[in-house]
Amino acid sequence: MSKIRIATASLAGCFGCHMSFLDMDERLVELLEHIEFDRSPLTDTKRCGPCDIGLIEGGLCNADNVHVLREFRKNCRILIAVGACAINGGVPAMRNHFDLRSCLEESFLNGVGVENAQIPDDVELPLLLDKVRPIHEV
């Protein structure tokens, strides 16, 4: 009998769902008799290949998150949203009550004792979305 192939990813969130998964401790060894991991922080594999199940935690706050979600949708037969951030945006979506520019200014410019502060603007950084979205909206 072939093993079920599973991929996991954490998008915008706290990584708590993956940590809860790891709390299975030694039961993970038993689980590995039935499954194999593809892309996952547990394997450090960066690309998602053909999989039976994809588990996505976290919402979407930047262009990289959208890219990863679309890669999973393309390569996973079943895609499962795991946790509050994936389902409704979770804590990261609290910024949705403010415009993005105000959030960036508060985070990077209004700190006490910060000299020559600036909002990061580098082509290597993923483009931020105006709002944090749950995965079903993308």
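Rule-based calculations on the coordinates, nothing more; no lab input. As the structure is a computational prediction, the values presented were derived from the model and not from experiment. Cβ: placed from backbone, ideal geometry, glycine included. Neighbour counts: every protein chain shown.
At a glance:
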| read-out | value |
| --- | --- |
| Longest DSSP-loop-exposure-free segment, trypsin sites (Lys or Arg not before Pro), the chain, at most 10 other Cβ within 10 Å | 48-138 |
| Cα centre as origin, Lys/Arg/Asp/Glu Cβ charges: region 1-97 dipole, Debye | 560 debye |
| For the chain, with +1 on Lys and Arg beta carbons and -1 on Asp and Glu, the positive-most of Thr8, Phe98, His18 along the dipole | Thr8 |
| Between region 9-41 and region 66-138, the Cα center-to-center distance that results, in Å | 23 Å |
| Gain on full stretching of the segment that runs from Val91 to Val123 - 0.36 nm per residue minus C-alpha separation | 8.9 nm |
| Kirkwood-based shape ratio for the chain, expressed as Rg/Rh from alpha carbons | 1.06 |
| Stretch gain in nm, segment Thr45-Ile78, where the contour uses 0.36 nm per residue and the Cα spacing is subtracted | 10.0 nm |
| Solution diffusion estimate, µm²/s, Stokes-Einstein, region 1-52, Kirkwood Rh from C-alpha pairs, 20 °C, viscosity 1.002 mPa s | 181 µm²/s |
| Chymotrypsin sites (Phe, Trp or Tyr not before Pro) restricted to DSSP loop in region 1-92 with at most 16 other C-beta within 10 Å | Phe15 |
